[in-house]
1. Tell me, please, whether a residue that is in a strand (DSSP E or B), touching a strand residue (DSSP E or B) at 6+ places or on another chain (Cβ under 9 Å) and farther than 30 Å from Tyr67 by Cβ can be found in segment 157-166.
2. Among the residues of segment 308-331, write down those that are part of a loop (DSSP other than H, G, I, E, B) and either open to solvent by 60 Å² or more (accessible area, probe 1.4 Å) or touching a Cys at 6+ places or on another chain (Cβ under 9 Å) (or both).
3. What is the residue count in segment 93-112 for residues that are in contact (Cβ under 8 Å) with a residue 60 or more places away in the chain, touching a strand residue (DSSP E or B) at 6+ places or on another chain (Cβ under 8 Å) and among the hydrophobic types (A, V, I, L, M, F, W, C)?
4. I'm trying to understand the selection: among the residues of segment 232-276, which are among the hydroxyl-bearing types (Ser, Thr, Tyr), open to solvent by 10 Å² or more (accessible area, probe 1.4 Å) and either closer than 17 Å to Thr378 by Cα or in a helix (DSSP H, G or I) (or both)?
5. Could you please let me know if Ala304 is assigned to a helix (DSSP H, G or I) and open to solvent by less than 10 Å² (accessible area, probe 1.4 Å)?
6. Filter segment 361-380 down to residues that are of a type in the set (Gly, Ala, Ser) and within 19 Å of Leu94 (Cα to Cα), then give me how many there are.
7. Do we find that Gln381 is out of contact with any Phe, Trp or Tyr (no Cβ under 6 Å at 6 or more places or on another chain) and either within 11 Å of Ala262 (Cβ to Cβ) or open to solvent by 20 Å² or more (accessible area, probe 1.4 Å) (or both) in this structure?
8. Which is of a type in the set (S, T, N, Q) and over 15 Å from Gln76 (Cβ atoms), of Ser29, Ser37?
Amino acid sequence: MPDFELSEDYQDLSNTVREFADEVVAPVSAKHDEEHSFPYEVVSQMADMGLFGLPFPEEFGGMGGDYFALALALEQLGRVDQSVAITLEAGVSLGAMPIHRFGNDAQKQEWLPLLASGKALAGFGLTEPEAGSDAGGTKTTAKLEGVGDAKKWVINGNKEFITNSGTDITRLVTVTAVTGQTERPDGSIKKEISTILVPTNTPGFKAEKAYNKVGWNASDTHPLTLDNVHVPEANLLGTQGRGYANFLSILDEGRIAIAALAVGAAQGCVDQSVKYAKERSAFGQNIGKYQAIAFKIARMEARAHTARLAYYDAAARMLAGKPFKTQAAIAKMVAGEAAMDNARDATQVFGGYGFINEFTVARHYRDSKILEVGEGTTEVQLMLIARELGL
C-alpha cells in the first residue's frame, strides 16, 4: 500500500509555514486586500525563511529541497492568503525555475542566487492579448541585430496578466518571442518561439498600470510593453526555437504547485467553516449541529482531501522521474474546482458574514475563480487528459 504520510522533514516544513501563515500572513491579509497593496513585509520574511529557494541547489543559494517542499509551503500559505501564495508560486515556478531548468552556467550564476534569496522577483511573459490558452499565437518578436559580440535581440510586443512583473523588487522578466519562422509542406507557417531574459531596467521595457482584479488583490499583475527592447544575444534562454516547448514543461510542473495552492484554499474554507459552525448559534443550538450544515462541511473536507491526494501523486511521479503530465492536469483541475466549490459553500455557511470582505471566506470566494483559469484553464486540463486517453 502506498504511504501518504509526510516524512519528518516535510512535516516540519509544513508546520513551520502553517505557523507563519497564521501568525504573520493572516493578520495583515485583509488590509493588503482592501488596499490592493503588495505585502513587501511578508515577502521579506518569506525570503528570510528561505521559501523562495526551497527547490534550488545550495550552490545557487537555495535550500537544497525539492518541488514537493515548495508545494507543501504553498498549501499552507494558500489557506489564509492566496495572493501571498501566488507571489511565491510565480516567483519560484515561473520566475526562477526556467533559468534553473534551461539556463546556461553564466545565466544561473547571475540570476539564481538573487532569485532564490527572495530579495528579488522575476516573472514570465507568456500570455498576450491574442495568445492565452493558444500560446502558439505569440506575436511578440525578437530579431537579432548587429555583428559579432555586439549582436543584440531587439524585442517588440505586448504581454498580458504577468505576475510579479511590476514590484519594487522585480528585476527580470523572461519573455517568449517569435525569433523566426519556417514554411510547412502544406504552405502554412510555423513560428519559431524562443525565450529571452529581459532585465526590467532595460530601456523600452515598461510594466503598465496594474490591473483592477476581482481577486488576488495583493498579488502584483501587470500588462507589459516591450518597445524596441535591446538585450545581448547571450540572454537567449535555452536553445533557440525551443522556448514554447520548454515552457510547456514548466507549466506541467507549475500545475502541481497551483494544485497545492488550491488545496490550501479549499482546506482554509473547511477550517473557517468548522470554527464558525461551532460558534454561531441559531434556533437554540450551534449551526454545526444541523445536518444541512454538517453535511455541507463534510463534503468540503472530502473535496480538499481528494485534491490533496491528487497533487501528492503528481508530485511523487515527478520526483521519481516518471511521466506526470496527465496527473498534474488532473490535480490542477480537481484542486481548482475544489477551491471554488468550497469557497461557495463556505460563503453559504457564513451567511451574510460570508459576503463581507474582511472575512477570509469572502476573499477565497473572490480569489478562487482564477484557480480554474490561470496557468491553464479547466478546459485545457480536460483536453490534456482526453488526449492521454487517445480521444
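The values are calculated or read from the model by the stated rules, or taken from the named source; none is laboratory data. Because the structure is predicted, anything quoted here is derived from the model rather than measured. No Cβ is skipped: glycine too gets one built from the backbone with ideal geometry, and neighbour counts run over all protein chains shown. Remember, those area values only see protein heavy atoms, side chains included, never the ligands or the DNA or RNA. Shrake-Rupley method; radii C 1.70, N 1.55, O 1.52, S 1.80 Å.
1. Yes, segment 157-166 has at least one match.
2. Here is the first cut: in segment 308-331, the residues part of a loop (DSSP other than H, G, I, E, B) are 320-324.
Correct list: Ala320, Gly321, Lys322, Pro323.
3. 4
4. First, pick out the residues of segment 232-276 that are among the hydroxyl-bearing types (Ser, Thr, Tyr): 239, 244, 249, 273, 276.
Imposing the further condition that a residue be open to solvent by 10 Å² or more (accessible area, probe 1.4 Å) reduces the set to 239, 244, 249, 276.
Listed by number, the residues that qualify are Tyr244, Ser249, Tyr276.
5. Numbers: assigned to a helix (DSSP H, G or I): yes; open to solvent by less than 10 Å² (accessible area, probe 1.4 Å): yes.
So Ala304 passes the test.
6. Kept after step one, since they are of a type in the set (Gly, Ala, Ser), are these residues of segment 361-380: 362, 368, 374, 376.
Still in the running and within 19 Å of Leu94 (Cα to Cα): 374, 376.
Looking only at that region, the number is 2.
7. When the stated conditions are applied, Gln381 does not pass them.
8. Ser37
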